[in-house]
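The values are calculated or read from the model by the stated rules, or taken from the named source; none is laboratory data. Bear in mind the structure is a predicted one, so any value in this text is a computation, not a measurement. Virtual Cβ from ideal backbone geometry, glycine too; neighbours counted across all protein chains shown. To get the accessible areas, we keep the full protein, side chains included, count just its heavy atoms, and leave off ligands, DNA and RNA. Shrake-Rupley method; radii C 1.70, N 1.55, O 1.52, S 1.80 Å.
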Amino acid sequence: MKSIRELYRIGTGPSSSHTMGPRNAAEHFLARHPEAKSFEVTLYGSLAATGKGHMTDVAILETLEPAAPTTIIWEPTTFLKFHPNGMLFKSKDEAGTVTEEWTVFSVGGGALAEEGTHQADSPDVYDMATMTDILKWCQRTGRSYWEYVEKCEGPGIWDYLSEVWSTMKAAVERGIDNEGILPGPLNLQRKAYKYYIRSTGYKDNLRSRGLVFAYALAVSEENAAGGKIVTAPTCGSCGVVPGVLYHLAKSRDFSETRMLHALATAGLFGNIVKENASISGAEVGCQGEVGVACAMASAAACQLFGGSASQIEYAAEMGLEHHLGMTCDPICGLVQIPCIERNAYAAARALDSNIFSTFSDGVHRVSFDKVVQVMKQTGHDLPSLYKETAEGGLAKDFTQME
């Protein structure tokens, strides 16, 4: 299993699969062919269907065109077998002869893979890849999930997670301060600052809920505007974990060290899903994005409130289980409706998962690993209309308001 550095990627939105992944692929291909006189890029399946809304073409052209003229070909009805987010890069010489063809896939969270492989150029650092095994390790050794992360990643992981946490906090604070309309044809107004202001007028319980809504909305809106965020585990679900953790840090005065430990635990749970199922909306629907983000935030919150290893696993299991079957049906192919509101709701659900779990002894019948397996199968059973193509569900027959 890869480092959680591969899960928590710092970059710009609006989509880890459709923007960050293609940009990374273009950078790799350009590094291999700096001498090319022209490039041709064919986008397949989900990348082609919603690429313009996700600024896929912009990400690729900004990377390749300064070096050589670049043509993009859109093939939204052609789905390559390995993954719905396929790309074919071609480099050409002065005569227009193809010097190399490279087929690569954007598999979620900004990661790339070639057919039949996991993401390349990244070593495995974890010796266990199921939460059942890791939970047994915690119970046997008396250690916590974050200690297992440190054992596998080394102490250098804390410097990286400190940068992740700083980026998350900055995204919340920028999003709260910003007003106006998000990019794209929906003319969607930012809501975070309104939720933040209104929440201050309520008493503790409603204020708390309103603030976590505001913080999650703030990051999601920054992402939709192409701002700097952290994939957790993706761009489309990037508001859930920081929304929950920022709220708890502000309201409970947890130390920086405890916040980094919570991020490590959240990353471990997200990594399990990435390894054994998928975090790509194009492959398994929004359950793999917002559902996994909710599981991560649930685990982090439960750890911060002193949950046992079993209670933390239970909280994460609930966070994912109750998003099973969630479709990815972005209106106009934008990471705005319903994505932004889903982040806010998932952040609130993560806090509820923590409360429910801490009232229990952590014993439950359905394991986190089982839910991951079910999520993967459910995602494969979903028709492609409901997996980021903007052709079904909420996106179908949407009439843009003038």
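The table below lists the values:
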read-out: Region 1-126, accessible surface, carbon-and-sulfur percent (1.4 angstrom probe); value: 50
read-out: Among E283, E147, E313, residue whose mean-square fluctuation peaks in a GNM of the chain (springs only between Cα atoms under 10 Å); value: E147
read-out: Cα lying deepest toward the dipole's positive end in the chain, options S38, Q311, V290, charges on Cβ; value: Q311
read-out: Efficiency of FRET between R32 and I355 - r from beta-carbon atoms, R0 56 angstrom, step 0.05; value: 0.65
read-out: Set of lysines with alpha-carbon distance to K203 below 21 Å, sequence-local pairs under 8 removed; value: K191, K194, K250
read-out: Max mean-square fluctuation residue, GNM over the chain, Cα-Cα springs under 10 Å, options G267, G156, G21; value: G156
read-out: Over the chain: helical MRE at 222 nm, DSSP H runs n ≥ 4 each giving -39500 (n - 2.57), nearest 500; value: -15500 deg cm²/dmol
read-out: Degrees, to the nearest 10: 339-358 long Cα axis against longest axis of the chain; value: 30
read-out: Difference of contour (0.36 nm per residue) and Cα-Cα distance, R365 to L80; value: 98.8 nm
read-out: Spin-label pair D159/F398, simplified geometry with 7 Å Cα→Cβ offset, distance in nm; value: 4.3
read-out: Computed E for K250/E341 - FRET, C-beta separation, R0 25 angstrom, nearest 0.05; value: 0.70
read-out: Normalised contact order of the chain, rounded percent, pairs of Cα under 8 Å and 6 or more residues apart; value: 19
read-out: Region 1-28 and region 142-196: distance between their alpha carbon centers, rounded to Å; value: 15
read-out: Relative contact order (%) - criterion: Cα under 8 Å, at least six apart; region: region 273-349; value: 33
read-out: Mean accessible surface per residue for the chain, computed with a 1.4 Å probe while every protein chain stays in place, in Å²; value: 41
read-out: 0 to 90° range, to nearest 10: angle between helix 309-321 axis and the chain longest Cα axis; value: 50
read-out: Accessible-area composition of region 176-257, carbon plus sulfur, in percent [1.4 Å probe]; value: 46
read-out: Dipole magnitude of the chain about its Cα centre (Cβ charges: Lys, Arg +1; Asp, Glu -1), debye to nearest 20; value: 1280
read-out: Straight-distance crosslink candidates among lysines, where the alpha carbon sits under 21 Å from K376 and sequence neighbours closer than 8 are dropped; value: K2, K81, K274, K387
read-out: Fraction of beta bridges assigned by DSSP in the chain that are antiparallel (%, nearest 5); value: 75
read-out: Separation in nanometres of the label points that stand 7 Å from Cα toward Cβ, at D381 and A129; value: 2.4
read-out: Crossing angle, helix 131-141 versus the chain [Cα axis fit, 0-90 degrees, rounded to tens]; value: 40
read-out: R143 versus E179: modelled label distance in nm, points set 7 Å from Cα along the beta carbon direction; value: 5.1
